[in-house]
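What follows draws every value from the coordinates through simple rules; no lab data is involved. Here the structure is a predicted model, which means the values were calculated and not measured. Virtual Cβ from ideal backbone geometry, glycine too; neighbours counted across all protein chains shown.
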């Protein structure tokens, strides 16, 4: 086969590429040749066309050399060859010095910019909030902290995680949006290294939040981060309050020990299971929880009004026009829903629900109570319930256990999941509860599976997503949940009844996609835990309040028929509802109107309405109260292992006499 010789152009390019491959000397040589090829002819043209150019050829060549030397900063001196060489040498030394200096400065600036980009510079802040770790809660936590600091100047939130600083900033600004007066600072590095933790100045922070990892098997990293915080503070227990969360209860004790006396540790899995179980028994309760936990509406505050000292707590219930009293803080311990006859001490602080900490102003609202509109007590008898649980994950046994603790005797929980029945039975510990479990293996996304059930006979349906499997996309559990909801929606249309459905989702972005009825209960586990951590970070005394509200029994939030408090189809003030609830030993904090239950964004829910607000109460309306269980629930007891998140807690106690009101003690 005849080989054709390469063309001259190809050979020239090959030769040029070969010379460039020889390294820096070849590059410098080519640079000199190219520059001289441009500068020398241009200088010659300028000299020859100048009217003041020398007449002799030697003079003109000398002028070309001077102009070339000035252009290239080579001195351009003329004279003997030795003088020309020395001038060129001095010029090259000066050029080398300047270029080296510029290179050093450029390298230093580049390294500094890279360090800033990596987020490894020290924070000089005071009164800021430090967020350690990166998980699904980070966007909720930062959003709530921004909302809490909306009226404060100079506030800052520092986030430290093993991620690129720029990537964190872009993700936070995309999800959180405008941060207003709050400055958002990101630092990159491991949260378990005390030297790296020092970059966020945790010793001068108002609070430090340690987020649980997305992988529940990494709770040990939370414990290690808490230990690193102590090491960074030199073992000083007087640092900033710490709020942390773990998923696995096995790490709870270790995390609390590592957090110290000023630390608050939340067990996210159990708390999420409790909220799901409570919503399954009282549809619409998740709306109340979300309203009380975020900073956008009304939330819990501690206030002191010396003028109420010596009066009983029942009087305080009607002493606020735009706030709702729900308990006391006595000797540093919260006491929710104390007996109405409990006398308020001078050193007591009241726990109120208000729009802001400065809106809880005293105003006597007893005159707005209409005694003739109060309904006679008609306690509804406890009846067995039926709940359908679709899907299975690590929280499913906790949901069944928490639901069973409050279920009336004879209640039944049917479980349908793509798991082996023996595995589900082994994971579920009934603990001697008076409710039955029925396990069926089946695919909850299959219409045939659900049609084989008596869907219309269930009081509520709980849909859980399975735990992410190795190699599975993180959105897969929510995808299956959405398919299950679609099938349920279709069956609802077939039976002509809308079922109370409680759905657990991992991603808040999937909430608008869920084919659910208006105001349905959707539990976004990461979002709720993030809201709770943000609230506690602003006031650590609220940890025991939330622990009691979300506990397995005792004082909780309830949705009860309005007809139990005021006469139906009659107009009355909300103060009348508060007075009626007081007679039953409860604190009324709001209502959910039946007429607006299908319209967002509140879906008929109104928390902390003015006491003077008047409306016509219908049989479908519900009243939101904070009270003990009176619907046949099994009373729960706390052992030594069930301590409060703040390291100490409260237990339920009997009502005390008027002359010696004391909070329940351990």
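Computed on the Cα atoms alone, the convex hull of the chain gives a volume of 292 cubic angstrom per residue. Annotation: the antiparallel percentage among DSSP beta bridges lying fully within the chain is about 45.
With neighbours defined as other Cβ atoms within 10 Å of a residue's Cβ, the residues 175, 448 order from fewest to most as 448, 175.
Fully extending the segment from residue 102 to residue 14, taken as 0.36 nm per residue of separation minus the present Cα-Cα distance, adds 28.3 nm. Give me the percent relative contact order of the chain, please, defined on Cα pairs under 8 angstrom at least 6 residues apart. Relative contact order comes out at 12 percent.
Estimated from helices alone, the mean residue ellipticity of the chain at 222 nm is -11500 deg cm²/dmol (sum of -39500 (n - 2.57) over DSSP H runs with n ≥ 4, per residue). Calculate how steeply helix 396-406 sits against the longest principal axis of the alpha-carbon atoms of the chain, using the helix alpha-carbon long axis, and give the answer as 0 to 90 degrees to the nearest 10. Long axis of 396-406 versus the principal axis of the chain: about 30 degrees. In region 149-279, the ratio of gyration radius to Kirkwood radius, Rg to Rh, stands at 0.98 when only Cα atoms are counted.
Packing, as the average of other Cβ atoms within 10 Å across residues, places the peptides 526-532, 59-65 in the order 526-532, 59-65, highest first. Take every pair of alpha-carbon atoms less than 8 Å apart whose residues are at least six positions apart; their mean separation over the length of region 228-337 yields a relative contact order of 14 percent. Direction-averaged projected area, Cα convex hull, region 509-576: 7.8 nm², rounded to one decimal. Per the Cα gyration tensor, region 312-355 maps to an equivalent ellipsoid with semi-axes of 16, 12, 9 Å, ordered largest to smallest. For 163, 126, the sequence from fewest to most other C-beta atoms within 10 Å is 126, 163. Sorting the segments 284-294, 487-497 by their mean number of nearby beta carbons within 10 angstrom, highest to lowest, gives 284-294, 487-497. Counted by neighbouring Cβ atoms within 10 Å, the residues 351, 557 run from fewest to most as 557, 351. According to the square roots a ≥ b ≥ c of the eigenvalues of the Cα gyration tensor, what is the shape class of region 462-587, taking rounded for a/c under 1.5, prolate for a/b larger than b/c otherwise, and oblate for the remainder? Oblate shape, in that a/c is at least 1.5 and b/c is the bigger or equal ratio. For region 437-559, relative contact order (Cα pairs under 8 Å, six or more residues apart, normalised by length) works out to 20 percent.
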